[in-house]
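Okay, so here's the structure we're looking at.
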Amino acid sequence: MSQEWPLWEVFVRPRRGLAHSHVGSLHAPDARSALHNARDLYTRRQEGVSIWVVPAAAITASSPDEKDAFFEPAADKVYRHPTFYEVPEGAPHL
Amino acid sequence: MYGNDFSPPDEPLPGGLIEQVEAAEAALREAAERGRPARETGDLQAYFDSLISADQKIEPRDWMPEAYRKTLIRQIAQHAHSEIIGMQPEGNWITRAPSLKRKAILIAKVQDEAGHGLYLYAAAETLGVSRDELVELLLEGRQKYSSIFNYPTLNWADVGAIGWLVDGAAITNQVPLCRCSYGPYARAMIRICKEESFHQRQGYEILYTLAHGTPAQKEMAQDAINRWWYPALAMFGPPDDASTHSAQSMAWKIKRFSNDELRQRFVNMCVPQVEVLGLTLPDPNLRWNEERQAYDFTQPDFDELMRVIKGDGPCNRQRMSHRRRVHAEGAWVREAAAAYAAKQRVREVAAA
């Protein structure tokens, strides 16, 4: 009998100008009720002006186990940061 | 908005719980900024230990010892169940609240408890257990909820006493959980504690209003405090030398303070608060101990606590049978919503 409603991840935009960020998850039978439930559960005190709900099953996540190997290509490219470069004395507007 | 039928207490509540929650949130951000220590070897246990000792959060997909996972599931589930069962004693008074304003407040509060239960079930689910399984365990009586909710709410003053003492004890317990080593639990607790502070204040305000009303109302408030004081003290669990889970949970930084430390902290906060109410705590041995810089007090009856946990409190059977009944009666709603969603999906596929 028990057929559990699918899990949804909830993202809330706290104010205009800020990005949506993950606030938690909930169960709902479909996207529309997920939105309603998210409003009731995560924005009872006007915590947001916009909500996204995403089926948790639709999210592909990188695994922390592969953290080192996965992100390693970025680790040795310090020259991507402006601080890598020495600015000669007196050069303006850099 | 609903009429001004009370005057707010002049003195703010001492304690600064909101500040403590904000400090915990700042510490969480700061730890995230600091970054995790590097993983030096393939030894998973050693890496886990180094994260814990560096005050870094453990996240859902990190390796963790099986016992850590089990302990968290048990604790978070019990906490979630407590929020859900905790709706009953107060829900009993929604229809009988003395004004429309107080009714609106009480509805909002009970709705918050439902929300807290859901945040916590969601946090537990990140550990690889489903909410349905946990609800099953509760309904079968194989997982517990806080013993405090097995006491009855006999009159309106009890709603005040629950807010002040029960929510106050819960917050004292929960504020340190905002620093718990498991990320999803810590974040859920920060959200919950921010909301709980309204609960405690509304309870205190109910008692304050009664305490400054007629002599009969004042007596009602005192009677409620007399009945709820010791069960509230028992909420911190058995004394440290008899607590089975404490030491390991402290080592894992799931728990930050011992049961007895938290109980003492709660007593120290309540004494000045009850003085402002103009009421008393029902403990003839309550007195300031200059040497310890803390109040001496009478311990709750731990035998009674054990009896209530084992099922023999005043309302255990009522709470569980109510929960089972509403769960069964809600089954058609869950099934109908799932059937509707399935039908819509078929239609969308057909239309595409």
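The values are calculated or read from the model by the stated rules, or taken from the named source; none is laboratory data. What you are looking at is a predicted structure, and each value in this text was computed from that prediction instead of being measured. Here Cβ is always computed from backbone atoms with ideal geometry, including for glycine, and neighbour counts include all displayed protein chains. SASA here: full protein model, heavy atoms, side chains in, ligands and nucleic acids out. Shrake-Rupley method; radii C 1.70, N 1.55, O 1.52, S 1.80 Å.
Here's the yes/no breakdown for (1) assigned to a loop (DSSP other than H, G, I, E, B); (2) touching a Cys at 6+ places or on another chain (Cβ under 9 Å); (3) open to solvent by 70 Å² or more (accessible area, probe 1.4 Å); (4) modelled with pLDDT under 95:
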position	(1), (2), (3), (4)
B:Asn285	yes, no, yes, no
B:Trp288	no, no, yes, no
B:Glu291	yes, no, yes, no
B:Pro300	yes, no, no, no
Legend entry - Answer from B:Gln273, B:Gln344 - the residue that is out of contact with any strand residue (DSSP E or B) (no Cβ under 9 Å at 6 or more places or on another chain), more than 22 Å from B:Glu136 (Cα to Cα), within 14 Å of another protein chain (Cβ to nearest Cβ) and open to solvent by less than 80 Å² (accessible area, probe 1.4 Å): B:Gln344
Inset, instruction - Please indicate, with yes or no, whether at least one residue in segment B:302-324 is away from chain A (no Cβ under 14 Å), aliphatic (A, V, I, L, M), in a loop (DSSP other than H, G, I, E, B) and in contact (Cβ under 8 Å) with a residue 24 or more places away in the chain. - result: no
Inset, instruction - Using the structure shown, decide if B:Trp63 is of a type in the set (Phe, Trp, Tyr), farther than 22 Å from A:Ala61 by Cβ and out of contact with any Gly (no Cβ under 6 Å at 6 or more places or on another chain). - result: no
Inset, instruction - Take segment B:30-49 and flag every residue that is more than 11 Å from chain A (Cβ to nearest Cβ) and closer than 20 Å to B:Cys178 by Cα. - result: B:Glu30, B:Ala31, B:Ala32, B:Glu33, B:Arg34, B:Gly35, B:Phe48, B:Asp49
Legend entry - Out of B:Pro215, B:Pro239, sole residue that is at pLDDT 95 or above and either under 21 Å from the mean Cα position of the chain (by Cα) or surrounded by fewer than 17 Cβ atoms within 10 Å (Cβ to Cβ) (or both): B:Pro215
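Among the residues of segment B:168-181, is there at least one that is among the charged types (D, E, K, R) and more than 30 Å from A:Ala57 (Cα to Cα)? Write out each step before concluding.
Let us first name the residues in segment B:168-181 that are among the charged types (D, E, K, R), namely B:179.
Keeping just the survivors that are more than 30 Å from A:Ala57 (Cα to Cα) gives none.
So far as segment B:168-181 goes, no, none of its residues is among the charged types (D, E, K, R) and more than 30 Å from A:Ala57 (Cα to Cα).
Consider segment B:19-37. How many of its residues are among the β-branched types (Val, Ile, Thr) and under 20 Å from B:Asp49 (Cβ atoms)? Can you show your working first?
Initially, segment B:19-37 is screened for residues among the β-branched types (Val, Ile, Thr), giving B:21.
Within this subset, residues satisfying the condition of being under 20 Å from B:Asp49 (Cβ atoms) are none.
Summing the residues that are among the β-branched types (Val, Ile, Thr) and under 20 Å from B:Asp49 (Cβ atoms) in segment B:19-37 gives 0.
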Legend entry - Hits in segment B:159-171 - residues which are buried (at least 24 other Cβ atoms within 10 Å of the Cβ) and under 23 Å from B:Gln264 (Cα atoms): B:Gly160, B:Ala161, B:Ile162, B:Gly163, B:Trp164, B:Leu165, B:Val166, B:Asp167, B:Gly168, B:Ala169, B:Ala170
Inset, instruction - For segment B:130-149, indicate whether the set of residues that are within 14 Å of chain A (Cβ to nearest Cβ) and part of a loop (DSSP other than H, G, I, E, B) is non-empty. - result: yes
Inset, instruction - Return the total of residues in segment B:177-205 being within 14 Å of another protein chain (Cβ to nearest Cβ), closer than 20 Å to B:Glu19 by Cβ and either small (Gly, Ala, Ser) or not in a helix (DSSP H, G or I) (or both). - result: 3
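Looking at B:Val166, B:Val159, can you tell me which residue is more than 14 Å from chain A (Cβ to nearest Cβ), assigned to a helix (DSSP H, G or I) and more than 18 Å from B:Thr209 (Cα to Cα)? Give the derivation first.
Numbers: B:Val159 fails: more than 18 Å from B:Thr209 (Cα to Cα).
It is B:Val166.
Name the one entry in A:Thr83, A:Thr60 that is more than 9 Å from every other protein chain (Cβ to nearest Cβ), exposed (fewer than 15 other Cβ atoms within 10 Å of the Cβ), among the hydroxyl-bearing types (Ser, Thr, Tyr) and not in a loop (DSSP other than H, G, I, E, B).
Numbers: A:Thr60 fails: not in a loop (DSSP other than H, G, I, E, B).
Step by step, each of A:Thr83, A:Thr60 is checked, and only A:Thr83 is more than 9 Å from every other protein chain (Cβ to nearest Cβ), exposed (fewer than 15 other Cβ atoms within 10 Å of the Cβ), among the hydroxyl-bearing types (Ser, Thr, Tyr) and not in a loop (DSSP other than H, G, I, E, B).
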Inset, instruction - Six or more apart or on different chains, Cβ under 8 Å: which pairs go from a residue in segment A:43-55 that's facing chain B (nearest Cβ under 10 Å) and within 7 Å of A:Val12 (Cβ to Cβ) to one that's open to solvent by 40 Å² or more (accessible area, probe 1.4 Å) and outside any loop (DSSP other than H, G, I, E, B)? Could you list them? - result: A:Glu47/A:Val23
